[in-house]
Amino acid sequence: MSRILLTGGAGYIGSHTYLRLVEAGHQVVILDNFMNARDDVPERLERISGHPVTVYRGDVRDRVLLDRVFAEQAIDGVVHFAALKAVGESVQKPLDYIHTNVGGLLTLMAAMEAADVRRIVFSSSATVYGDTDIQPIPEDHPRTYASPYAYTKITGETALEQVAAADSRWAVGILRYFNPVGAHRSALIGEDPGDIPNNLMPYIAKVATGELPKISVFGDDYDTSDGTGVRDYIHVEDLAQGHVLSLNALIETGQSHAVNLGTGTGSTVLEVIRAYSAACGRDLPYDIVDRRPGDVAVLTARPDKARDLIGFEARRTLDDMCRSSWAWVSGQIANS
Ligand code: NAD
Ligand code: WQD
């Protein structure tokens, strides 16, 4: 058993990872400023896990707070989720993104160094591969950025790699998520985007609940099986398990790794709409509209390195992802 600090642990992926870590026998401490999390997430985590939740409310860029957390809790390792994550918004507000995502990581690493804690799992993204025809993408594909958000992830990865290369006491797990979707099997936590989501699955969910009238499918003239974009959707509970395996590998071996977390299989936009329609029990309406600027046709993970290095394999299907999302969003509507 280890004691793990989760920055951004009240957010979408962080809250699911919290539950998997507790199930795996770890003690977990959350630090979150709740700028993108609901206030009742800790209470919900307590209900699901049956254990009290330790939460520090505050900013990951606050060095005084970080020093206090490390002084009060005997932390063995950190999973760093806290970040801003909207690609489009990052183009409008690059400084906010650089300050939070890069500044936050650097402040955290300095506090870790001072506290003698040198095990960290970092939330990275497939966005670090840029626009490429090589599919599925292996981890040694060159990194390139097409947005300030992607820049912050490449910079974060590079900072961690440099520190680990210079000092063998550091072990870093860089996890490049593909398209995380779905919700916890309890239907008590899930993704909670704003009024008009940017991403496909939460948008479909709002059409399914009747909050939005129709899905816009961004282009049907790509070179794919039905012309719509292909992505590697991964269930958030599988993703959460990836963090447990990454942390265990860091703690057990002291070796760093950088791996894709995806299924290795792509689905088209129309396949996702069909799977969601089956999950919610009605055919969801959609229109084909223009391509979204900046979108690539296909983005899928080569998953073997994660399997070989940390023993990760995604198990849940697209139907599981849609059913769990629908259980979460329909439950929210029923309780509102
Ligand atoms: P999220 O917004 O739900 O979670 C992030 C959490 O961090 C939120 O609870 C937010 O309140 C908190 N936070 C933000 N800024 C903070 C700060 N300065 N100090 C303290 N807490 C702060 O997002 P998510 O989808 O759970 O993403 C988690 C991580 O995974 C992020 O680093 C994101 O870039 C990365 N990621 C997400 C996706 C995705 O599609 N969701 C894909 C690839 C990578
Ligand atoms: C998926 C597919 C769209 C919305 C983004 C970030 C990436 C990562 C995950 C953080 C594409 C199509 C979408 C809609 C549609 N985040 N689509 N109608 O763009 O693969 O990845 O989230 O690291 O960095 O870029 O995800 O869900 O927006 O799109 O047709 O209303 O659905 O064109 O083919 P994306 P997405």
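Computed 3J(HN,Hα) for segment 83-91, one whole-Hz value per residue from the Karplus formula 6.51 cos²θ - 1.76 cosθ + 1.60 where θ = phi - 60°, is 5, 8, 9, 8, 4, x, 4, 5, 6, glycine and proline marked x. Axis angle, to the nearest 10 degrees, between helix 318-335 and the longest C-alpha principal axis of the chain: 90 degrees.
Sorting S336, S2 by the number of Cβ atoms found within 10 Å of their own Cβ, with the fewest placed first, yields S336, S2.
Counting only residues at least eight positions apart within a chain, or on another chain, the lysines with an alpha carbon under 27 Å from that of K206 are K85, K93, K214. Modelled label positions at L95 and D40, each set 7 Å beyond Cα in the direction of Cβ, lie 3.8 nm from each other. Legend: calculated FRET efficiency, A110 to N198, from the Cβ-Cβ distance at R0 = 41 Å, rounded to 0.05, equals 0.80. R47 label point, 7 Å along Cα→Cβ, cut-off 19 Å on backbone N: hits in segment 183-209? The answer is 183-193, whose backbone nitrogens lie closer than 19 Å to the label point. The alpha carbon gyration tensor of segment 4-120 gives principal lengths a ≥ b ≥ c with a/c of 1.5 or higher and a/b no greater than b/c, which makes the shape oblate. Against the chain, whose longest principal axis comes from its Cα atoms, helix 269-280 is set at around 90 degrees. Computed over Cα pairs, the Kirkwood radius of segment 183-283 leads via Stokes-Einstein (1.567 mPa s, 4 °C) to a diffusion coefficient of 81 µm² per second.
Among E43, E89, a tally of other beta-carbon atoms within 10 Å of each Cβ gives an order, fewest to most, of E43, E89. Computed over the chain with a Gaussian network model linking Cα atoms closer than 10 Å, the most mobile of A301, A278, A71 is A71. Database remark: amide H of S123 closer than 5 angstrom to the amide H of H80 (H placed geometrically; neighbours at sequence offset of 5 or more, or on other chains; Pro and chain starts carry no H).
Counting only DSSP beta bridges with both residues in the chain, the antiparallel share comes to about 5 percent.
About the Cα centre of segment 1-147, how large is the charge dipole given +1 on each Lys and Arg Cβ and -1 on each Asp and Glu Cβ? Please answer in debye to the nearest 20.
Working: 14 positive and 19 negative charges, 34 e Å.
Once rounded to the nearest 20, the dipole reads 160 debye.
Charge dipole of the chain (Cα centre as origin; +1 on each Lys and Arg Cβ, -1 on each Asp and Glu Cβ, all else neutral): 480 debye, rounded to the nearest 20. Going from the fewest other Cβ atoms within 10 Å to the most, the residues V244, V55 appear in the order V55, V244. With bins 10 Å wide beginning at 0, the percent of Cα pairs of segment 252-320 falling in each bin runs 16, 33, 30, 15, 5, 0.
Note on R291 and A165: the model spin-label points, each 7 Å out from Cα along the C-beta direction, lie 3.5 nm apart.
Taking the alpha carbon gyration tensor of the chain, multiplying each eigenvalue by 5 and rooting it gives semi-axes of 31, 23, 18 Å, largest first.
Taking θ as phi - 60° and the Karplus parameters 6.51, -1.76 and 1.60, the scalar couplings of segment 293-301 work out to x, x, 6, 9, 5, 9, 8, 9, 8 Hz in sequence order, x denoting glycine and proline.
Using alpha carbons only, how many degrees (0 to 90, rounded to 10) separate the axis of helix 236-253 from the longest principal axis of the chain? So the helix axis and the longest Cα principal axis differ by about 30 degrees. Taking 0.36 nm per residue of sequence separation and removing the Cα-Cα distance, the D226/D283 pair yields an extension gain of 18.7 nm. Close amide H partners of L6, meaning residues 5 or more places away or on another chain with modelled amide H under 5 Å apart, are V29, I30, L31, V79. Scalar couplings 3J(HN,Hα) for segment 44-50, obtained by applying the Karplus form with A = 6.51, B = -1.76, C = 1.60 to θ = phi - 60°, are 5, 5, 5, 4, 6, 8, x Hz; x denotes Gly and Pro. Taking amide H positions as modeled 1.01 Å from N, with prolines and chain starts lacking one, the residues under 5 Å from A258 and 5 or more places away or on another chain are I174.
All of the numbers you see were taken from the coordinates with simple rules; none came from a lab. Keep in mind that this is a model prediction, so the values were computed, not measured. Quick reminder, even Gly has a Cβ in these numbers, built from the backbone with ideal geometry, and neighbours come from all protein chains shown.
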